[in-house]
Structure formats: C-alpha cells, structure tokens
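Student: A single structure is presented below for examination.
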Amino acid sequence: MENVMDTLRARGFVKQTVFEEELYEKLGKESVPFYIGFDPTADSLHVGHFMQLIAMHHMQAAGHKPIILIGGGTAMVGDPSGRTDMRSMMTKETIRHNVECFKKQMSRFISFEGENAAIVVDNGDWLLNLNYIDFLREIGAHFSVNRMLSAECFKQRLERGLSFLEFNYMLMQAYDFLVLHREYGCSLELGGDDQWSNILAGANLIRVKEQKPAFAMTFTLLTTSDGKKMGKTAKGAVWLDENKTTPYEFYQYWRNIADDDVEKCMKLLTFLPLDTINELCAHKDERINKAKEVLAYELTKEVHGEEKANIAQSQAQAAFGGANAELLTKEVADVATVVDAMVAAGVAKSKGEARRLIEQGGVSVDETKVTDANMPIPSKEFVLHKGKKVHLKIIVK
C-alpha cells in the first residue's frame, strides 16, 4: 500500500513536519493513531474545516486511526492563532449543542466503525476539572515564556494586548496531545499551518515527559491564489450545513472560484485521481469551466450527497446555461421588488401568490433565498429561482 504521506504530498497537503523520515517510516509500517482538533465555535463546520476532513479520510483509508478532538474545554478560553482580537467565551450548553452538530457532518467523511474506527473525545473531560497548581507543576515547568512569545500564533496579538487567558492556550493544546498519547497511544497531531507552534509544543512535551516519539504535521491553508482564506462570500462563511448554505449556493461557490485555484482545490478537496485532475486542468482557457463544474459537483456530492448535488447542478445549468439545459430570459419593466418581478415574468399569477411562495421558502434570487416579501430587486439583471424547476434570467428594462 502506498504510504499516506506520499498521497498527502502529491495532493499538496503537507506544509511542515518534524522528524520527517521517522514519521514516514512509521506511517508505512504500522497503524498510527492521530488527532485533529476542532473548536466548536459554531453549530456547523465550514469550508475552512473541509481540508482537515479530507485529510482524515486519506489517513483512515491508509489504515490509521482518527481521533477527533472537540475543544469543549479550549473553546471556553479561545485560540489566539490568526486573531487580532480576543474570541468571545462560550457556555457549556452551546458547546455541547455544537459538538452534536459536528458529529453528524463528520460522519460523511470518517467511518466510526471497523478496525481503525474514528473516535470523538472532548478535551473538556480533562481540562475543566484540572487542579491549576498541579497543572503548572506538571506542564508549565516545561515551557519557556521567551520561546512562547516568539511563536507566530502570539505575534499578532502582542501589539494589541494578549490576555493571560489566551496565553494559556498553547499549554492546554499541548496537554491535550499528552493526554491522548497516554490514553489512546496517539503519536501524531495534524492541523492547519497556523497551528504549527501549538502542535509542535505538544509533540515536544510528549518527547520530554514520556521519552517517546511524537510527531507534528501541518497542512497548507486553504487560500485563494492571492492569499485570502477560502470559504468567505458577501453573505459570510460557506457552511457545510445546508440550512446555512444551501447545496445550490455551495455548488455555485466552487463553480465561481478563480481559474488559478481550480487545480489546487481539486487535489486538496476531491478524491479524483491525480491523472484525471491534470487532464481536466491542462488548459487555462475557457475549457477550465468544465473543470470548475466537475469540482463543484464533486464537492457538493461529498458534503450533501449525490441527489442534492444533481439538483444543484441542474439548477445551475438551467440558470446559467449548459449542455443539458437552455437559459430562459425574461425582460420586465416597471418593477421595484422581487414580488413585482415574479408577477411581471409570469412566475406568479398575482402578488398574493408571489408572497405565499416566498413565505413557503420556495423563491431565491441568484444565490440568496428570499425571506422578505418586500425585498427590492438586487440589480437590473439577476436569476430568479422558483422551486427546483423554474429558473429565469430577469432583465429589467
């Protein structure tokens, strides 16, 4: 079987590692329990988590055991990494609800059955009842404040003020790794490259305290070609929960990414063979649009299932043209609201019917579901969707 590190390297995941040769050998000859941490700061995972889920899938498929660490304890402090402000603290009830939502979404990517079945643990189980003096004596004694202050995760916060609460975050994350090592034999932590300092701290702590090998590996961050984090739109984050981001909106997000980002996203986020990806992305002219359609379909299928991916693809083809659908255009005049446009375009027989359709959740404009019957038209040209079958391009004269 191919070493999973070869797979991760070939697809562009690996950014930094320590003891790389030793880790490569270990991954090639035995099942390695590994963990990735998720702070439950919302009731849904988003595109920023997507890569971690795919990486876990690759690791599990290669015979390694995933440990999903939910940060029920650390979420009550807040991770300063990549932040210029302090995160708001969360209640235990909110965290518990978010954890349940995460588990459902993760089950699409990770198997919780079989020989190397994934497990979910919550660091609140050991962090919330810690004796502070004991923790300082056992863990704090192994951390240099000078070295911590030089870590990238603290640099942005130092200028504006770093609270002592947040300063503890690195110690707690390192302690998580130590607990998982002791309880489950976990010897590898994976995460985004903005977590490098925290992950490395945990691996070092295990090597010092347990005198056993422990490893760190970070992944390249999911960014656009101009360096911005992916997964943001004018409406906010792109969520994996269809009630927050519909399958159609999700499909359209990937269908509309920049040409330069298509190949990278295909390698990192789909399970398509590399030869297929190279063939799809060989041309940088208008033929790249076919690759975008494949990318959007594959990712929507991964997150929402084949049926909803097919519907989203049909909606997009109907709205914007495609091999299997023809775009219908309606010109209307003297319209100020979406309700006016629906009546003028013949989508609804009356304003009353149009309002009822909106109240029932069956109307969208471009990628936005219409919830307000008084919503004004967004522009002189937009796409109006009624249910799953009616998709019209509206041109206001």
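The values are calculated or read from the model by the stated rules, or taken from the named source; none is laboratory data. Given the structure is predicted, the values throughout are model-derived calculations rather than measurements. With ideal geometry, Cβ positions are generated from the backbone for all residues, glycine too; neighbour counts draw on all protein chains shown. Only protein heavy atoms, including side chains, enter the accessible area calculation; ligands, DNA and RNA are left aside. Shrake-Rupley method; radii C 1.70, N 1.55, O 1.52, S 1.80 Å.
Student: Evaluate the following for Leu221: is it part of a loop (DSSP other than H, G, I, E, B), among the aliphatic types (A, V, I, L, M) and in contact with a strand residue (DSSP E or B) (Cβ under 6 Å, 6 or more places away or on another chain)?
Tutor: yes
Student: Right, another one. Consider the stretch 93-137. How many of its residues are more than 25 Å from Phe50 (Cα to Cα) and touching a residue at least 12 places away in the same chain (Cβ under 8 Å)?
Tutor: Going through the stretch 93-137 one residue at a time, the tally reaches 5.
For (1) open to solvent by less than 60 Å² (accessible area, probe 1.4 Å); (2) closer than 28 Å to Leu268 by Cα, each residue gets a yes or a no:
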site: Ala141; (1), (2): no, no
site: Arg147; (1), (2): no, no
site: Gly161; (1), (2): yes, no
site: Leu165; (1), (2): no, no
site: Gln173; (1), (2): yes, yes
site: Leu178; (1), (2): yes, no
site: Glu189; (1), (2): yes, yes
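Student: A follow-up question, please. Any idea which of (1) open to solvent by 50 Å² or more (accessible area, probe 1.4 Å); (2) at pLDDT 90 or above is the one Asn116 doesn't satisfy?
Tutor: (1)
Student: Kindly indicate whether Met59 is part of a helix (DSSP H, G or I), out of contact with any Cys (no Cβ under 7 Å at 6 or more places or on another chain) and either under 24 Å from Leu130 (Cβ atoms) or modelled with pLDDT of 95 or more (or both).
Tutor: Yes; evaluated as a whole, the condition is true for this residue.
Student: Please go through (1) of a type in the set (Ser, Thr, Tyr); (2) open to solvent by 90 Å² or more (accessible area, probe 1.4 Å); (3) at pLDDT 85 or above for Ser107 and return the number of the only condition it doesn't satisfy.
Tutor: So Ser107 meets the others, but not (2).
Student: Tally the residues that are assigned to a helix (DSSP H, G or I), open to solvent by 10 Å² or more (accessible area, probe 1.4 Å) and under 20 Å from Ser107 (Cβ atoms), restricting the search to the stretch 14-56.
Tutor: Total satisfying the criteria: 3.
Student: Could you check the stretch 212-222 and list, in sequence order, the residues that are under 19 Å from His49 (Cα atoms) and either open to solvent by 30 Å² or more (accessible area, probe 1.4 Å) or of a type in the set (A, V, I, L, M, F, W, C) (or both)?
Tutor: Ala216, Met217, Phe219, Thr220, Leu221, Leu222
Student: Are any of the residues in the stretch 244-257 closer than 23 Å to Ile70 by Cβ and either in contact (Cβ under 8 Å) with a residue 24 or more places away in the chain or crowded, with 18+ Cβ neighbours inside 10 Å (or both)?
Tutor: Yes, the conditions are met somewhere in the stretch 244-257.
Student: All but one of (1) surrounded by 18 or more Cβ atoms within 10 Å (Cβ to Cβ); (2) more than 22 Å from Ile54 (Cβ to Cβ) hold for Tyr184; state the number of the condition that does not hold.
Tutor: Among (1) surrounded by 18 or more Cβ atoms within 10 Å (Cβ to Cβ); (2) more than 22 Å from Ile54 (Cβ to Cβ), Tyr184 violates only (1).
Student: Can I ask one more? Considering only residues that are of a type in the set (Asp, Glu) and touching a helix residue (DSSP H, G or I) at 6+ places or on another chain (Cβ under 6 Å), look in the stretch 1-45 and name the one that is nearest to Ile206 (Cα to Cα).
Tutor: Asp39
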